[in-house]
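The values are calculated or read from the model by the stated rules, or taken from the named source; none is laboratory data. Values in this document were obtained by computation on a predicted structure and should not be read as measured data. As a convention, Cβ positions derive from the backbone with ideal geometry for all residues, glycine included, and neighbour counts pool all protein chains shown.
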Amino acid sequence: MFSNLTNRFKQSLRKIINSGRLTEENIKETIREVRKALLEADVALSVIKSFINNIKTKSIGHKINNSLTPGQEFIKIVRSELISVMGEESSTLNLSDSPPAIVLIVGLQGSGKTTSLAKIAKWIKNKYRKKILITSTDVNRAAAIQQLKILSNDIEIDFFSTKENKTSIEISKEAIKHAKLKLYDILLIDTAGRLHINEEMMNEIKEIQIFSKPIETLLVVDSMMGQDAINMAQIFNKFLFISGIVLSKVDGDSRNGVALSMRYITNKPIKFIGTGEKITELKPFCPKKIADKILGMNEVLSIIEDIEEKVDKSHLKELNNQFKKSQNFNLDDFLTQIKKMKKIGGLNHLVNKLLKNFQTSDHASFNTDSNTLKKIEAIISSMTRKERMMPIIIKGSRKKRIALGSGTQVQDVNKLLKNFENIKRTIKKIQTGGIGNIMKNIKNMLPKKF
């Protein structure tokens, strides 16, 4: 699901995440690649234009969050725009109506409409434990009623059938009457599909909608149709009041950009997506989860959340000022940094996430565990204030005292002091070099083992 779009986005964004600054020049190529990815996914041109313009506006000259690198900030902006296009919040199914709450399912023949109805019925049953009745008004396709009847038996939900030679509106009226009499909580009505939209079809469904007064009218859209799906949705919305969209066949990859276009163009929320042929393969549509899946950078997004949620922003602002003056960065500052790193799962946790995402060859060689961090903290804590500020004065006798006080060996103290100059040089790269350069130098920041 979305794998083609995900792969293109990952390729497009991998370069920008290493950038030290966000400028019009260095995001131009990335935005060009993002536009190509969206075009290949058959996203509507109007959506692409708005999406790209918003990214440009928010990226160029944007004030970078003190806790994030410019590259991370750009990823955050792209994610925010993806969510905005698809709808800020998940739109749940509204069933708050006097029983029976009626849900009308509409769509073209072959869109997966009947199967989607059964999936929704199963989902409602599992989530809300409601008493559900389903029926079909598709008298034009002989197999349609039988198909839904078989599906209802599979999911163990009651099916309402009537005598032959009944019209669609007559079946609807009888089903509603039966649902009220037998005290059903919810009635799902399947409507007739057509290979093409025509006035006769729309008038028939409109008549059913007027009579039944459904609390939800869900349009099932075949996501593989691409731009045609959007045109079809707009026509349906002109004839009927559509409360939400169900995207079927999202497990295919060729044109899943319809998920990015549908909400923006129709102004109707996507409520469910069908992720496979099985009756259980239906999921509520969550814009945030879909955006993360499309970006395909779960590790980076997780790091951004970790940093934003767990790291003290005021401290980082102060620390960033120290980084800019790396000649003044001392062991006292580094001790504070170690403590902050421990709050977000340790340096090894953070680095491994990044290395895994960027497939760095150094991944296997880096292993700074929590015990190493504890030993470094113990060594620095055993120093005097003057020694932390001026590590150059730490000679033989001082090293022995520090090692004894920290429960380590003199060679451990030597390792830390030897690497400190590398640490100071690497700190400067945090402000200018981006994640890529940090990864190249991170091995030198700390001894891997004591």
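Points to keep in mind about this one:
- Residues of the stretch 143-160 that turn out to be among the polar types (S, T, N, Q) and under 20 Å from Lys130 (Cα atoms), as a count: 2
- Comparison of Ile124, Ile176, Ile169, Ile120 shows that the only residue that is touching a Phe, Trp or Tyr at 6+ places or on another chain (Cβ under 7 Å), assigned to a helix (DSSP H, G or I), touching a residue at least 60 places away in the same chain (Cβ under 8 Å) and not assigned by TED's automatic domain parsing to the domain that holds Val78 is Ile120.
Table: residues versus (1) surrounded by fewer than 17 Cβ atoms within 10 Å (Cβ to Cβ); (2) under 30 Å from Leu295 (Cα atoms); (3) modelled with pLDDT of 75 or more; (4) in contact with a strand residue (DSSP E or B) (Cβ under 6 Å, 6 or more places away or on another chain).
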{"site": "Arg385", "(1), (2), (3), (4)": "yes, no, yes, no"}
{"site": "Lys395", "(1), (2), (3), (4)": "yes, no, yes, no"}
{"site": "Val413", "(1), (2), (3), (4)": "no, no, yes, no"}
{"site": "Gly434", "(1), (2), (3), (4)": "no, yes, no, no"}
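- Residue that is among the acidic types (Asp, Glu) and free of Cβ contacts under 8 Å to residues at least 60 places away in the same chain, where the choices are Glu207, Glu216: Glu207
- Residue satisfying all of: in the stretch 198-228; at pLDDT below 90 and not in a helix (DSSP H, G or I); surrounded by the most Cβ atoms within 10 Å (Cβ to Cβ) among these: Val221
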